[in-house]
Structures are given as structure tokens and as C-alpha cells.
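Encoded as C-alpha cells, the structure appears first; notes follow it.
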Amino acid sequence: MRNEHLRAARTARGLTQEEAARLLHTHRDHYGQWERGRYQPSGRYRAALCALFGCDVMALGLDPNATHGGCRAGAGRKRGGR
């Protein structure tokens, strides 16, 4: 399920997904997966999102009880591939 709250917070600040991702020190694809509802950001990123957008996790449509769900570096890559 898409996270329209997170998208609305980003667009209200006039940011693209790429710009928001850069400010959060993550990849645009990871940020996009959070907006698409495919993954929940990790605790570190939930805190950074709240600071960036000036609101709490509930206002951003994030699960405050999630213990993980952020994207791992290299997720989706084939093993042994480059």
C-alpha cells in the first residue's frame, strides 16, 4: 500500500525523491520503496525522516512498532555479481 503521507510531506517541501534521499544519506530507490509501501524504513531512517519533515512517524504514515524493514545495501543484487 502506497504511503501517501510520506509522499505528501516530501512534495510539500518541494523535494524530489532523489533530493530527499540525498538529505537522508540513502539511495533514491530505497526512498521510493518507502513511499510505495514496499518497505518500512529502519529506526535510524524513521528518526531522520521525522527530523527532515518536522513531524512524528504516525503523521508520516510509518509503523512506529516496526523493528526493521529498511533496505539493505546491495539488496536485489545477484550473489557473486557486480
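Since every read-out is calculated from the coordinates, none of them should be taken as a lab result. Worth saying up front: this structure is predicted, and the values here are computed from it rather than measured. In this analysis, Cβ positions are derived from the backbone assuming ideal geometry, glycine residues included, and neighbour counts consider all displayed protein chains.
Diagonalising the gyration tensor over the Cα atoms of region 1-73 and scaling each eigenvalue by 5 before taking the square root yields semi-axes of 15, 14, 12 Å, largest first.
Rounded to the nearest 20, the Cβ-based charge dipole of region 1-73 about its Cα centre (Lys and Arg +1, Asp and Glu -1) stands at 120 debye.
Between the residues Gly54, Gly14, His25, the greatest Cα displacement towards the positive end of the dipole of region 1-73, with unit charges on the Cβ of Lys, Arg, Asp and Glu, is found for His25.
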